[in-house]
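Structure first, then comments.
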Amino acid sequence: MPHNPTDHLWNKVASALRVARATVENSVERTPEPPFGFQTRVIALAREARREKALALWRRWTLRTACFSVVVFGMALFQSLRSQTQDDLMQVPVLEFPQPPAP
Amino acid sequence: MSDREYFVTAEMLELARQGDERVWRALVDGLYPNVISIVRSHLPGGADEEDLAQDVFVKVFSKIEHYTGPQPFEHWVSRVALNTCYDRLRQKRASRVVSFSELGIDEASFLARTFADDPSEPGEATREMTGELLAKLLAPLNANEQLVIRLIDLEEKSATEVADMTGWGGSKVRVTAMRARRKLARVLERMERDASKRTN
């Protein structure tokens, strides 16, 4: 990648850092090993993360099912009330007035 | 990864997806050197390194079903490690420019010798010192700029490789690198003036 001429200071510093790091890396152990207990912690946290993920999925679908049920129930109730009202309007109520008592 | 064979087989992957603990342990053992190398390159600091490496492996095992190939599994893990470091970098906002006088003795000495092209007495360059110095120099950069500068100028990756690792376009990588270098040039010019005042 072409570098701008004003980057010369950064180029020097980057080059020096690369050399310094390479020197340090060569003097330390080549294949670092995970510290004691690292694998156990990772496994425990990963299992917990998977459990949370499965639970979140279950909660989401339970909520969706519940909402769907409420909607279906609401529609059925509305339809039921609507048809009942229409039946009521079709019938002419027979009014019976009580007879006044004899004088 | 260049020193190690790709050791993850399809059978191991299937068992890992099922949560087989022995395979998980074997994967941690085999992939730890690569993961810690990426973490150390992008976020110096002993305590943070182990926590971040732990986060990387937890993400790998909890999202292992997202890996569908065809790239080797080890490359996918490297990408998860890089993205985890990038997410952590984004949480740290760009901070103010550090002046030369605020550097530690070893850091100032290292930088002064570099400015003067003085190869004599390289001094003690520990991983911690170079890491801290780099963190201070890159502090004014945002997360994108820090990531690109580390990958291109320190790990000597090409723009194409960086684009592939990050999922960005090539032009975004190049423009980000150019902006980062411009900021670094201003920082280092000021530090060079301060360094020469001290020696004169």
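Points to keep in mind about this one:
- Here the extension length gained between B:ARG127 and B:GLU14 equals 36.9 nm, from 0.36 nm per residue of separation less the Cα-Cα distance.
- Within straight-line reach of B:LYS63, meaning a Cα separation under 18 Å, sit the following lysines at least 8 residues removed in sequence or on another chain: A:LYS53.
- Neighbour-count ranking [beta-carbon atoms within 10 angstrom, fewest first] of A:THR40, B:THR130, B:THR166: A:THR40, B:THR166, B:THR130
- Take the Cα of A:GLU48, step 7 Å toward its Cβ, do the same at B:ARG193, and the gap between the two points is 5.2 nm.
- Pairwise FRET efficiency - B:GLU65 versus A:ALA76, Cβ, R0 = 41 Å, nearest 0.05: 0.55
- For B:ARG186 and B:GLU21, the difference between the fully extended length at 0.36 nm per residue and the C-alpha to C-alpha distance is 54.3 nm.
- The spread of Cα positions in chain B, taken along each principal axis and listed from longest to shortest, comes to 66, 36, 29 Å.
- In this rough spin-label picture, where each label sits 7 Å from Cα along the Cβ direction, the B:ARG96-B:ASP117 distance is 3.5 nm.
- P(r) for the protein assembly as shown, from all Cα pairs and a bin width of 10 Å, is 5, 21, 24, 17, 10, 6, 4, 4, 3, 3, 2, 1, 0, 0 %, short bins first.
- Averaging the sequence gap over all C-alpha pairs within less than 8 Å and six or more residues apart, then dividing by the number of residues, gives chain B a relative contact order of 20 percent.
- Shown here for the range B:140-185: GluC sites (Glu not before Pro) in loop regions (DSSP other than H, G, I, E, B) with at most 11 other Cβ atoms within 10 Å, namely B:GLU156.
- Shielding by partners - mean other protein chain Cβ count within 10 Å, residues of A:17-23: 6
- Subset of B:LYS157/B:LYS197; A:LYS12/B:LYS157; B:LYS59/B:LYS183 violating a 28 Å alpha-carbon distance limit: B:LYS157/B:LYS197; B:LYS59/B:LYS183
Every number in this text was worked out from the coordinates using simple rules, so none of it is lab data. Keep in mind that this is a model prediction, so the values were computed, not measured. Note that each Cβ is placed from the backbone with ideal geometry, even for glycine, and that neighbours are counted across all protein chains shown.
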